[in-house]
Amino acid sequence: MARFDTILWDVDGTLLDFAAAEEAAIRSLFADFGLGVCTDAMLARYSEINRNYWRALERGEMTKPEILTRRFEDFFAAEGLSGPSPAEFNAAYQTRLGDTIVYCDGSDKLVASLRGKVRQYAVSNGTVAAQTRKLARSGFDRLMDGIFLSERIGWEKPAKEFFDAVFREIGEERRAGSIIVGDSLTSDIAGANRAGIKSCWYNPRGAENGTNAKPDFEIKDLREILEIL
């Protein structure tokens, strides 16, 4: 008998290479808006700004609409950029994020191979605009048994309320046999700890866990989940 019959998959940084999509989206929008060349150093600075804002969202310190524009306000100010408003740039960015699909560890084939054997759901804090396009273009919208986006639920991971909403939909009886697979300690793993479900930290670069979140399993390649199931 399988240890788990339900997988909650994080999307960005887990099933899909978010860094690749982020880089392609920002570089192309720099060209579209006539902002010049977006250098590697600029991308690195933006990524750090963005990560800090998403962590603030996870801690409940800011709302998603606030972080989506504030990150570009800070970035434009730091780089001395002018042209599109942060809101305009963000709107274009949400669409463009879905244009570059890079699967982590053959995640498309992995999810397809598990279809019908376990229940699989996408659980994401990404925006509805970005994730709807991304999941459609990647094919995950057709492979998953359901998709749960925080914007629609009204709570962000790691809030227990996010996971409670998921299990109200898929059945509270599935909680005991569920495992979340995600790259974020502060979102996916901390959320699992609060929700009382098992968790698997996807840690391909072998990062140190400097948080209070406690994953039940840790993998460097998504295909290792087969051994855990």
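Among the residues of the stretch 125-137, the ones that are open to solvent by 10 Å² or more (accessible area, probe 1.4 Å), part of a helix (DSSP H, G or I) and not charged (D, E, K, R) come to 4 in all. Taking residue 213, is it of a type in the set (A, V, I, L, M), surrounded by 19 or more Cβ atoms within 10 Å (Cβ to Cβ) and under 15 Å from residue 123 (Cα atoms)? In short, no. Whether any residue in the stretch 202-215 is aliphatic (A, V, I, L, M) and touching a residue at least 12 places away in the same chain (Cβ under 8 Å) is what I want to check. Yes, because at least one residue in the stretch 202-215 is aliphatic (A, V, I, L, M) and touching a residue at least 12 places away in the same chain (Cβ under 8 Å). For the criterion of being crowded, with 16+ Cβ neighbours inside 10 Å and under 17 Å from residue 148 (Cα atoms), residue 121 passes. You will find that of 142, 152, 194, 174, the residue that is assigned to a helix (DSSP H, G or I), open to solvent by 20 Å² or more (accessible area, probe 1.4 Å) and in contact with a helix residue (DSSP H, G or I) (Cβ under 6 Å, 6 or more places away or on another chain) is 194 and no other.
Only residues that are open to solvent by less than 60 Å² (accessible area, probe 1.4 Å), more than 18 Å from residue 81 (Cα to Cα) and without any contact (Cβ under 8 Å) to a residue 12 or more places away in the chain were counted in the stretch 27-57, giving 1. Restricting attention to the stretch 1-26, the residues that are open to solvent by less than 20 Å² (accessible area, probe 1.4 Å), touching a strand residue (DSSP E or B) at 6+ places or on another chain (Cβ under 6 Å) and under 21 Å from residue 149 (Cα atoms) total 8.
The values are calculated or read from the model by the stated rules, or taken from the named source; none is laboratory data. In this text the structure is predicted, and so the values were computed from the model without any measurement. Every residue, glycine among them, receives a Cβ derived from its backbone with ideal geometry; neighbour counts consider all protein chains shown. To get the accessible areas, we keep the full protein, side chains included, count just its heavy atoms, and leave off ligands, DNA and RNA. Shrake-Rupley method; radii C 1.70, N 1.55, O 1.52, S 1.80 Å.
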